[in-house]
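Right, one structure below, let's go through it.
The values are calculated or read from the model by the stated rules, or taken from the named source; none is laboratory data. The shown structure was predicted, so the numbers you read here are calculated from the model rather than taken from an experiment. Here Cβ is always computed from backbone atoms with ideal geometry, including for glycine, and neighbour counts include all displayed protein chains.
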């Protein structure tokens, strides 16, 4: 019997520590699959951030480095400039990339650094107890907004992908989700395109991935996956936000 589905070669044989229903484990697998299928494992270097994904190097069997909170783009910039032949990606959550890391992210994107950012957006600080993140939706309850996010007090959700798309150094941005089989397939395709953008010697790219956080959203797993479609995509619409690569993928 031919084996059609199994553990990717570059995903370590370890159990994930993530909560049930979390999307991080799905994205880890997609990264491992893309790296294997593209044959770039000897060139890939990942930069993991502070947050739930801080132990990404325990699961991805490729070279990894850990950056200080929010500094993923800065560390990735140094790596890419020192080793231009490397395929360098950051793996960051919304509390990392879109909060403390906005300066590093925006300026790396503006300079057109040839790196890929894998941006996990679950609209909350997951590791530290469920506080409000820059991407928290209006009226969404968190430990620091127990009555719901109020735009008069905390402002509006930060749409980092749309902001970065305005910069000339950015060549590709797409927003996907991992709450359905179709969304997972699109996410894998987007990650692959982001890596190909580097291989083609082009500028900054980012894949924003809407991901469930059932524990901190105070929801069941199925409900949290449905909530992405019902609520999150209304604020963060899925699709290609910017693409100047000249490479149009067939569906």
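Filtering segment 111-120 to residues that are out of contact with any strand residue (DSSP E or B) (no Cβ under 6 Å at 6 or more places or on another chain) and crowded, with 16+ Cβ neighbours inside 10 Å leaves only 114.
Listed by first and then second residue, the pairs linking a residue in segment 149-161 that is closer than 26 Å to residue 118 by Cα to a residue that is at pLDDT 95 or above and assigned to a helix (DSSP H, G or I), with Cβ atoms under 6 Å apart and 6 or more places separating them unless they lie on different chains, are 157/235. From the set of residues in segment 81-100 that are modelled with pLDDT under 95 and surrounded by fewer than 24 Cβ atoms within 10 Å (Cβ to Cβ), which is farthest from the chain's Cα centre (by Cα)? Among them, the one singled out is 100.
Filtered by the rule that a residue be at pLDDT 95 or above and surrounded by fewer than 16 Cβ atoms within 10 Å (Cβ to Cβ), segment 241-251 gives a lone residue, 244. Filtered by the rule that a residue be without any contact (Cβ under 8 Å) to a residue 24 or more places away in the chain and touching a strand residue (DSSP E or B) at 6+ places or on another chain (Cβ under 6 Å), segment 187-239 gives a lone residue, 190. Filtered by the rule that a residue be touching a residue at least 24 places away in the same chain (Cβ under 8 Å) and farther than 21 Å from residue 204 by Cβ, segment 52-76 gives 52, 54, 55, 58, 59, 60, 61. Is it the case that some residue within segment 43-58 is modelled with pLDDT of 95 or more, surrounded by 16 or more Cβ atoms within 10 Å (Cβ to Cβ), in contact with a strand residue (DSSP E or B) (Cβ under 8 Å, 6 or more places away or on another chain) and over 29 Å from residue 133 (Cα atoms)? Yes, segment 43-58 has at least one match. Just to be sure, is residue 237 within 17 Å of residue 94 (Cα to Cα) and surrounded by fewer than 20 Cβ atoms within 10 Å (Cβ to Cβ)? Answer is yes for this residue.
For the condition closer than 20 Å to residue 72 by Cβ and either at pLDDT below 95 or touching a strand residue (DSSP E or B) at 6+ places or on another chain (Cβ under 6 Å) (or both), residue 15 does not qualify.
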